[in-house]
Amino acid sequence: MPPILNGKRIILGVSGGIACYKSVMLASRLTQANAQVDVIMTEAATKFVAPVTFQAITQRAVSTDTFESWTDTGRLRSGHITLAHAADLFIVAPATAQTLARLALGMGDELLSLTALSYKGPMLIAPAMETNMWGHPATQQHVETLRSWGVDFVGPASGRLASGEHGAGRMVEPDEIFEHACRVLGRGGPLTGVRVVITAGGTREPIDPVRFMGNHSTGKMGVALARAARDLGAETVLIHAPLSVTPPGGVTLVPIRTAQQMHDAVMEHLPTTDVLIGSAAVADYRPIHSEEKKIKKLPGQQTIILERTPDILKAVGERRHDDPLHPRLVVGFAAETDDLEENALGKLERKNMDMIVLNDVTAPDSGFAVDTNRVIIFERDGNREDWPLMSKEEVAQAILQRVAARLGRQNWARR
Ligand SMILES: Cc1cc2nc3c(=O)[nH]c(=O)nc-3n(C[C@H](O)[C@H](O)[C@H](O)COP(=O)(O)O)c2cc1C
C-alpha cells in the first residue's frame with residue numbers, strides 16, 4: 001500500500017449521479033490504504049447509494065446534513081468546519097454539473113459545497129455527466145474557474161454512458177482516482193522539482209510479424225518505482241516496454257517495444273532528466289533482421305542470426321563524462337544468475353552509475369513475476385547494504401528514499 005495515504009484524512013464528497021456506486025470502491029481502496037475517509041453526500045447522492053454503504057466501508061459516520069453538529073473533538077462544532085479543517089485532501093467523485101457549479105460559484109447551500117468553502121488544501125475532482133452537460137459552456141466555465149484556483153481534475157473519460165450513448169462524461173475508474181489522489185498528496189514532497197525517468201518491462205525484438213524474442217520481465221518493479229517517485233513529489237516519466245501490470249496514473253507514460261526504441265526515448269529525455277532509474281529488462285541481442293512475412297514451418301533446423309542491441313546505461317554513462325549533471329544520479333538494476341556481486345560491481349563501474357540494485361533472479365522469492373525482492377545495494381562510494389526480503393513496493397520506496405537522500409532532500413519539509 002502506498003505509505004503516502006497512511007493516516008491521511010480525506011473528505012470524499014459524493015454528488016448525485018449514477019457513478020456514485022463507483023465511489024464506494026474508491027472509499028474502500030482509500031480505507032484499505034489506511035486513510036481516514038469522511039464521506040459527505042449530497043441529498044441527490046443519497047438517492048443513488050445509501051449512506052450506510054459508505055459508513056460500513058469507511059467505518060465512519062457519513063455526513064449529509066449542514067445542521068448536524070459534531071462532537072468528536074469534545075466540543076460541539078459544525079460539521080463543515082470540523083471536517084474541512086482536519087482534511088489533507090478533498091476528493092469530489094462523482095462531481096455532477098450542479099455540484100461543479102456550486103463549487104465554482106462559492107455556494108454553501110448544502111454540506112458538500114459549504115465544507116469546500118471552509119477548506120484550504122488540495123482538491124481533486126472527478127466529473128461525471130452526460131456529454132452535452134459536460135460540453136455546456138456553463139460547465140466548462142466552472143471547470144476553468146476551479147482549475148484557475150489550482151483544483152485538480154481527473155477525467156472525465158469517453159466511453160459508454162449510463163444513457164446508453166457514447167461520448168465524453170464518464171467518470172474515470174476508482175483506481176485511477178486513487179492513483180491521482182496519491183499524486184496530489186505527494187506534491188511538495190522531497191523530490192519536488194526533480195524529474196525522475198524510469199525504464200520498465202521487457203523489450204521485445206521482432207523475429208517476424210507475429211513473433212518476438214522477449215524475457216520474463218513483468219514491469220512490476222519499474223511500475224512500483226514510478227509510483228514511489230510520484231508519491232515523493234517527483235515529475236515522473238515511465239519509459240516502458242509492454243507491461244503485465246497496470247501502469248500508474250499521474251506519471252507520463254512513454255510506451256515502446258524494442259531496445260532501440262527504449263534507447264532513443266531515454267536519450268531524448270536525457271537533457272531534462274535529473275535521476276535515471278534503469279529497471280527495464282532490455283534485450284542484449286536482436287535478430288539481425290526481422291522477416292517481412294511470417295516464417296513458415298519447414299523440416300529441419302532454423303537459424304536466427306543475432307546482433308547486439310544498444311547498451312542504454314553504458315551510453316548514458318558515456319554522456320555523463322561530458323555533462324555530469326544530466327542525469328545527476330543514475331541507478332541501475334542487475335538481474336543476475338551467477339557471479340552476482342562481481343557482475344553487479346563490474347556494471348556499476350563500466351557504466352558510470354551511482355548505484356546498482358542487485359537482484360538474484362534464481363532465488364525463488366526474488367526477481368521476475370513474483371511480488372517480492374531480496375536485493376543488495378552497491379553505491380559508487382563503496383557503500384553496500386543487504387536489504388531483507390521486501391515487497392517490490394517497499395524496495396521501490398526504499399530506493400527512492402535513498403535517491404532523495406543522495407540529492408540532499410532527506411529532511412525536506414513538505415510545503
Ligand atoms: C438517473 C439520474 C442520473 C443522473 N446522473 C447524473 C450525472 O451523472 N451527472 C450529473 O451531473 N447529473 C446527473 N443527474 C442529475 C442530478 O442528480 C441533479 O442535477 C441533482 O440536482 C444533482 O445534485 P447534487 O449535485 O447536489 O448531487 C442524474 C439524475 C438522474 C435522475
Other residues with Cβ under 11 Å from the Cβ of E110 give, with Lys and Arg +1 and Asp and Glu -1, a net charge of -2
Out of A157, A200, A241, a Gaussian network model of the chain with alpha-carbon springs under 10 Å gives the largest mean-square fluctuation to A157
With the label point 7 Å along the Cα-to-beta-carbon line of S163 and a cut-off under 16 Å to each amide N, the hits in the range 15-42 are 17-19
Taking the dipole of the range 102-169 about the Cα centre (Lys, Arg +1; Asp, Glu -1; charges at Cβ), the one of W134, S163, G121 that reaches farthest to the positive side is G121
To the nearest 10 degrees, the tilt of helix 20-32 (Cα long axis) against the first principal axis of the alpha carbons of the chain is 60 degrees
Here, M107 and S391, labelled 7 Å along Cα→Cβ, have an inter-label distance in nm of 4.2 nm
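Of all the Cα-Cα pairs you can form in the range 3-185, what percent are over 21 Å apart?
Details: 7349 of 16653 pairs.
When every Cα pair of the range 3-185 is considered, 44 percent fall beyond 21 Å.
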Taking 0.36 nm per residue of separation between E307 and I295 and subtracting their Cα-Cα distance, the length gained on full extension comes to 2.4 nm
Cross-link reach from K351 to lysines, straight Cα distance under 17 Å and at least 8 residues apart if same chain, gives K314
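Give the calculated FRET efficiency between Q32 and W149 to the nearest 0.05, with a Förster radius of 35 Å applied to their Cβ-Cβ distance. Let's see the in-between values first.
Values: r = 31 Å, r/R0 = 0.87.
Taking R0 as 35 Å, the efficiency between Q32 and W149 is 0.70.
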Rounded to the nearest 10, the angle in degrees between the Cα long axis of helix 174-186 and the longest principal axis of the Cα atoms of the chain comes to 80 degrees
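Roughly speaking, what is the stretch gain from R9 to S118, that is 0.36 nm per residue apart minus the C-alpha to C-alpha distance, in nm to one decimal? Don't skip to the answer; put the middle values down first.
Numbers: separation 109, 0.36 × 109 = 39.24 nm, distance 1.53 nm.
Contour length minus the Cα-Cα distance gives 37.7 nm.
If r is the Cβ-Cβ distance from E342 to Q140 and R0 is 35 Å, what FRET efficiency results, to the nearest 0.05? Walk me through the intermediate numbers first.
Values: r = 61 Å, r/R0 = 1.74.
Between E342 and Q140 the formula returns 0.05.
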So the angle from the long Cα axis of helix 392-406 to the longest Cα principal axis of the chain, reported in degrees to the nearest 10, equals 80 degrees
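Quick note: the coordinates plus some simple rules give every number you see, no bench work behind them. What you see is a predicted model, and the numbers here were worked out from it, not measured in a lab. All Cβ positions, glycine included, derive from the backbone under ideal geometry; neighbour counts span all protein chains shown.
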